1. When you count, for each residue, the other Cβ atoms within 10 Å and take the mean per peptide, how do 10-17, 56-63, 29-36 rank with the highest first?
2. Show that you can apply the helix-only estimate: for the chain, add -39,500 (n - 2.57) for every DSSP H stretch of four or more residues, divide by all residues, and state [θ] at 222 nm to the nearest 500.
3. Along the stretch 29-45, what does the Karplus equation 6.51 cos²θ - 1.76 cosθ + 1.60 (θ = phi - 60°) give for ³J(HN,Hα), rounded to whole Hz, x for Gly and Pro?
4. Whole-Hz Karplus ³J(HN,Hα) for the stretch 46-55, in order, using 6.51 cos²θ - 1.76 cosθ + 1.60 and θ = phi - 60°, x for Gly and Pro?
5. Using the alpha carbon gyration tensor of the chain, what are the three equivalent-ellipsoid semi-axes (square root of 5 times each eigenvalue), largest first, in whole Å?
6. Please list, in chain and number order, the residues 5+ apart from residue 27 or on another chain whose amide H is under 5 Å from its amide H, with Hs placed from the backbone.
7. Where does helix 60-92 land angle-wise versus the long Cα axis of the chain, in degrees 0 to 90, nearest 10?
8. How high is the FRET efficiency between residue 59 and residue 15 when r is their beta carbon distance and R₀ equals 35 Å, given to the nearest 0.05?
Amino acid sequence: MGVTDERIVDFDGVNRTLTYSVQSDGLPFFVTGLQNTWTVRSDGQAGSAVDVDMAAFTKGTVGTIGVLPLGRMLGKAAIGLLHDLKVYLEQNA
């Protein structure tokens, strides 16, 4: 797995966004880092929704080619991440 470094790089309380970066020895060799931005928005009278924007930073020819399958993988991970967040919030509300 290696060492993982996750850091909050931006927080905007007014617009309800949080951005963090991820660098890890466990990422594929062509991925130099990841960045994830969460935005919380109103979803009706008593609810909220979270939008997730993930970005992968790649290098080289393999990175250019690998960006499509990597994007699909990150999209699936985002769904799981949002589900985990929902479960956590419902159990700890």
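The values are calculated or read from the model by the stated rules, or taken from the named source; none is laboratory data. What you see is a predicted model; the values in this text were computed from it and never measured. All Cβ positions, glycine included, derive from the backbone under ideal geometry; neighbour counts span all protein chains shown. In case anyone asks, the SASA skips ligands and DNA or RNA and just uses the protein heavy atoms, side chains included. Shrake-Rupley method; radii C 1.70, N 1.55, O 1.52, S 1.80 Å.
1. 29-36, 56-63, 10-17
2. Rounded to the nearest 500, it is -13000 deg cm²/dmol.
3. Residue by residue, the stretch 29-45 yields 4, 8, 9, 8, x, 10, 9, 10, 10, 9, 10, 9, 9, 5, 9, x, 5 Hz.
4. Per residue, the Karplus-derived 3J(HN,Hα) values read 10, x, 9, 10, 10, 9, 10, 10, 9, 10 Hz.
5. That gives 28, 14, 13 Å for the three semi-axes.
6. none
7. Once rounded, one gets 30 degrees.
8. 0.65
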